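Here the structure comes first, spelled out in structure tokens, and everything after it is commentary.
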Amino acid sequence: MYIEERHKAILDWLTEYGSISNVDIQEKFGVSYESAKRDLRILEEKGMLKRTHGGALPIRQVAMTRPSNQTIKDYGEIKKNYLLIARKAIEMIGDNDVIFLSSTTICLLVAQSLPENKRVRVVTNSIIIAEELRNKEHISVILLGGEMDNKGNCYDSFAISIVSKLRIDKSFVCAAAISADFGLSIQRSSAISFFNAVMDSSKKNIGLFPKEKIGFDSIVSICPAERLDVLITDWDAMEEDLNLFREKEIEVIVVEEE
């Protein structure tokens, strides 16, 4: 197979499966590990994909996944890196902390994984996350009200007014994408004021961003990356991307694959 044919096949694989690893390329095309890395580097230089530590993602894979009622087991099988980032976030939560969980899949995993015996007060704008926590004995919930969207989230002036009156120890946030240049970004502007109000009210802002969201830009910037104190990501994020965040004095925590 000519290199041009292999490159087309790699891009077709990405379109169908959403990601590809160096090992996938080795096994599918019978090339060496170094050749697989070189293929991905060439395609990235052409702007056709985004490399990760162990493979690549489609260049436009920036959408945020909607929280759902799936179980931890479901997510562990489909998105192992999401679950391990969520568990690392829980390690940072102390007894009697007031925390904020944003209305994202990865924060839903944090809610699902919170131990029953951890005494914590959770602030959230997500009815799905609030429902997940409702029956956990030692966890109390402040649900930020207002006009709810069709995903069960509140971002409007009522929610902003309430969160502005709170003091939060640690906020855990995620968005469609994050890059050192464009910061945290989303697809719609409606949540910008709300996210900034949360971060203004929080003593420590912690970003939970799996490799699928690192180094990408969505349409609208929420805030600069340096509004985060800590960025938690996974083993497959590119080191050169992470170094750009470290240069902005953001603490970067990389969870390792189990």
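Looking at the stretch 13-24, which of the residues that are farther than 16 Å from Asp236 by Cα and touching an Asp or Glu at 6+ places or on another chain (Cβ under 9 Å) is surrounded by the most Cβ atoms within 10 Å (Cβ to Cβ)?
Residue satisfying both the conditions and the ranking: Trp13.
Against the definition (crowded, with 19+ Cβ neighbours inside 10 Å, in a loop (DSSP other than H, G, I, E, B) and not hydroxyl-bearing (Ser, Thr, Tyr)), how does Ala111 come out, yes or no?
no
Out of the residues in the stretch 199-219 that are farther than 15 Å from Leu84 by Cα and at pLDDT below 95, which is nearest to the chain's Cα centre (by Cα)?
Lys213
Starting from residues that are at pLDDT below 95 and part of a helix (DSSP H, G or I), keep the ones in the stretch 158-191 and report whichever is surrounded by the fewest Cβ atoms within 10 Å (Cβ to Cβ).
Among those residues, the one meeting the criterion is Ser189.
Scan the stretch 206-226 residue by residue and report those that are surrounded by fewer than 19 Cβ atoms within 10 Å (Cβ to Cβ) and free of Cβ contacts under 8 Å to residues at least 60 places away in the same chain.
Ile219, Val220, Cys223, Pro224, Glu226
Of a type in the set (A, V, I, L, M), modelled with pLDDT of 95 or more, closer than 21 Å to Leu83 by Cα and touching a helix residue (DSSP H, G or I) at 6+ places or on another chain (Cβ under 9 Å) - does that describe any residue in the stretch 238-250?
Checked against the condition, which is being of a type in the set (A, V, I, L, M), modelled with pLDDT of 95 or more, closer than 21 Å to Leu83 by Cα and touching a helix residue (DSSP H, G or I) at 6+ places or on another chain (Cβ under 9 Å), the stretch 238-250 yields no hits at all.
The values are calculated or read from the model by the stated rules, or taken from the named source; none is laboratory data. Remember, it's a predicted structure, so these values are computed and weren't measured experimentally. Counting neighbours? That spans all protein chains shown, and the Cβs are built from the backbone with ideal geometry, glycine included.
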